[in-house]
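Report on one structure; see the data block that follows.
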Amino acid sequence: MRRFILPALVLSVAIIASVLAANANDAANPDDPSTTDAGPSLSTPLLSVRRTPEWLRQPTTTNLLDTAVRRPVDAVGDTGAVCLSVHVNGESVTEVASDLPFNPGESQRLLTLAALDTVGTGAFTTEVVRTADSVIDDDGVLQGDLWLIGGADPVLSTNAYISRFDDRRAFTSLEELALNTATALGEAGITAVAGRIIGVDSKYEGSPQVFDFEEPTWTRAEVDSKVVGVTSGLLVNNGFSSYPTDNVDPAANVRTTDAVTHAASEFAVLLNFFGVPATGGVAGGDAPPAVDREPVASIDSPPLSEIARRALVDGTTAEMLWREIAVRGGGSASNLDVVLGINAALIELGLLQSEEAGNFGKFDGSGLSLRNRTRCDVLAGVLDLDPEGLAVQALRDVGESAVAECAPSSFESLHVTASARPEVTSMAGKAVASNGDVLTFSVVANWVAGESGLADRGVCDGLLPGILDAIAEHPAGPELDDLTPLAPAPPADADE
């Protein structure tokens, strides 16, 4: 109600000022006829709300937006519980149960990205080293080991694995690292490695490689879907030891039982391909002390902003970034440290009060855990933060998103993330309206098991398309041409 008081007050002041100005003019010249042709006279006074038409229309457009976004929420009925938060230029317009905890599904990943912004956005580095005192024999064979030291790069991949995807997702090439290693070894006169390739995952030491893939934390369907691999300080190909040649059926992926030796093995194969065989086998272990290391090669990941975009469509990447919050914040990669770290970040960002942190759980990075809880106003608030922040930059254009087929075509600028599972349908996004208004929004539905209704569980079945249609209609209300200043009136006849 308060947003209507100021426009009404200003309107009253403008009207009173116009009347007083006219009375003062008549009092000063009560009997002087006009003898000068002043040209057309203004039909709209200088102090008129018509001279700020967008401001005049704003209360109406706000009310219409509020009404429109509530319709698809109301249509859900008794089949589920829904929260909704819609902001215009950072100010709340609509809140439906947005202060209550909901399972946010994959939209949970936005919180991870916002938290990462508070602890550093540098790239990940994977290194290859040998010991400074390792011996090269007369045949050019290195009589020692090579260490592959992981930097917890979540997108380190072989070309064969990454070529299965058609969404241009960010990746770090293991082939490039192997080629650089072979080249550097060759320049040092090394033609083969008699020792082992030892994988090192010490950055995430103590954290589980295989996440909490069990009920009741995840549903059996999510466990079996294989959309998430494993997590490790040294990870290649999302931790899948084998996979189909396309990405049509992720359930055909096979999770490795040892991410470190899997990564070392993939690297050894590529090193041999580039002409430097390693004959001592592969293993996991500790890196030599820093003072004893002789750098061989290294590779940096793409910028974290590009990896963040991948995280919204790749569950393993999202899980790895989730752990990175705690490590970059000075803790371990344990589940507890991550939960504490992300809560601290959300408090620092002003999205959560310290006394509320215990009521909202972020128990994984992918958003598949049934224990996750957050609020719609927090999700929308994340997108009101720095437009250059990871969460905002990671959003995909609506034409590349899960709702591409059912989104209205009238959007000039809309970026969203959306997903649907049997238990959760969610969406969050940011749009720029034709009048320049910036709209941020989030909607989450937690469905009642076994129930269905007007708002079905799919991304294009009722709820999410209805919200997008309402957002696309903004700004609704009177046409600006009906509110702008009137055309000047023709001059009066000087003889009259």
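The values are calculated or read from the model by the stated rules, or taken from the named source; none is laboratory data. Nothing here was measured: the structure is a model prediction, and the numbers come from that model. No Cβ is skipped: glycine too gets one built from the backbone with ideal geometry, and neighbour counts run over all protein chains shown. Quick note on the areas: whole protein, heavy atoms, side chains included, nothing else; ligands and nucleic acids left out. Shrake-Rupley method; radii C 1.70, N 1.55, O 1.52, S 1.80 Å.
A few notes on this one:
- The residues packed around Glu187, meaning those with a beta-carbon under 14 Å from its beta-carbon, carry a net charge of 0 if Lys and Arg are +1 and Asp and Glu are -1.
- Per-residue SASA entry for Val291, accessible area with 1.4 Å probe, Å² rounded to 10: 130
- Additional length obtainable on full extension of the chain from Ser202 to Glu405, 0.36 nm per residue less Cα span: 68.7 nm
- Remark: the Cα gyration tensor places the stretch 185-304 in the prolate category, a/c being 1.5 or greater and a/b exceeding b/c.
- Cβ-based net charge around Val119, under 14 Å, with every Lys or Arg adding one and every Asp or Glu removing one: -2
- Ranked order, Ser232, Ser92 - accessible area, probe 1.4 Å, largest first: Ser92, Ser232
- Heavy-atom SASA rank of Arg293, Arg375 (probe 1.4 Å, accessible area, largest first): Arg293, Arg375
- Using a probe of 1.4 Å, the accessible surface attributed to Arg71 totals some 150 Å² when neighbouring protein chains are kept in position.
- The accessible area of Lys430, taken with all protein chains in place and a 1.4 Å probe, comes to roughly 40 Å².
- Net charge of neighbours whose Cβ lies under 13 Å from the Cβ of Glu400, counting Lys and Arg as +1 and Asp and Glu as -1: +1
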